[in-house]
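Contents: one structure, followed by commentary.
The values are calculated or read from the model by the stated rules, or taken from the named source; none is laboratory data. What you are looking at is a predicted structure, and each value in this text was computed from that prediction instead of being measured. Cβ coordinates were reconstructed from backbone atoms using ideal geometry, including for glycine residues, and neighbour counts include every protein chain displayed.
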């Protein structure tokens, strides 16, 4: 009970800290939607790969899993000069990263597994104008984030609305300050596709694992029945 209570309090404190008074939004994750994953892969390469890598997956794996032609992946998704056997490496070197950001941006291969899809979805939608920050933006989910908003051209700019909670000033919501190139509905879809792709990258065999799990459970139930009957047969003379 002590362990369960401690775990509950830890999860609660993390959620409160992460959201800063703003509730996490639900991501619509569907790893069977290969069109969504394809759009997400394109968005990742376009908007994220400049700083972040995803070294645990290769373009060939993306092509095979999404049912795409290798040439199509190289022409439409991968950056110029990439090979089909290459990992999703960022073009930014360590020296430049430390000069511009103070540290090397993390690899995003497992970010969906460590943070969760809803957190990522809310984070990518949670940037707002904050002139006091080095890059001019802050984030409703990750306070004092040390990176710019990679999707600001699509989303536009948001400004925060704070409310007083006792002696603290708490972020209540974000409102649009300027329009982006996409409508709010289109931007939500773009972000959801990107998060869907990151969930896939975190475990490319997730669908196969779930499918195999059904057969494993079936085998275990059958084996349990056989083991029970065998136990009764061995112990019938004892009684």
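Report every pair of residues separated by at least 6 positions or lying on different chains whose Cβ atoms are under 7 Å apart, first residue within the range 195-222 and more than 21 Å from residue 110 (Cβ to Cβ), second loosely packed, with under 10 Cβ neighbours inside 10 Å.
Every condition considered, no pair remains.
Going by what's in this entry, would residue 190 be described as without any contact (Cβ under 8 Å) to a residue 40 or more places away in the chain and closer than 24 Å to residue 44 by Cβ?
No.
Being assigned to a strand (DSSP E or B) and closer than 19 Å to residue 143 by Cα is the filter here; which residues of the range 81-133 pass it?
Scanning the range 81-133 gives 127, 128, 129.
Would you mind finding the one in 124, 68, 88 that is crowded, with 16+ Cβ neighbours inside 10 Å and touching a helix residue (DSSP H, G or I) at 6+ places or on another chain (Cβ under 6 Å)?
Selected residue: 124, the only one of 124, 68, 88 that is crowded, with 16+ Cβ neighbours inside 10 Å and touching a helix residue (DSSP H, G or I) at 6+ places or on another chain (Cβ under 6 Å).
All but one of (1) in a helix (DSSP H, G or I); (2) closer than 27 Å to residue 125 by Cα hold for residue 169, so report the exception by its number.
All conditions pass for residue 169, except number (1).
Return yes when residue 75 is assigned by TED's automatic domain parsing to the domain that holds residue 160, touching a helix residue (DSSP H, G or I) at 6+ places or on another chain (Cβ under 9 Å) and either part of a helix (DSSP H, G or I) or modelled with pLDDT of 95 or more (or both) and no when it is not.
Against the criterion (assigned by TED's automatic domain parsing to the domain that holds residue 160, touching a helix residue (DSSP H, G or I) at 6+ places or on another chain (Cβ under 9 Å) and either part of a helix (DSSP H, G or I) or modelled with pLDDT of 95 or more (or both)), residue 75 does not qualify.
When the residues of the range 98-119 are narrowed to those that are surrounded by fewer than 16 Cβ atoms within 10 Å (Cβ to Cβ) and touching a residue at least 12 places away in the same chain (Cβ under 8 Å), which ends up farthest from residue 203 (Cα to Cα)?
102
Does residue 141 count as assigned by TED's automatic domain parsing to the domain that holds residue 192, part of a strand (DSSP E or B) and under 29 Å from residue 26 (Cα atoms)?
no
With (1) in contact (Cβ under 8 Å) with a residue 24 or more places away in the chain; (2) part of a loop (DSSP other than H, G, I, E, B); (3) more than 23 Å from the chain's Cα centre (by Cα) as the list, and residue 147 as the residue in question, which single condition is left unmet?
(3)
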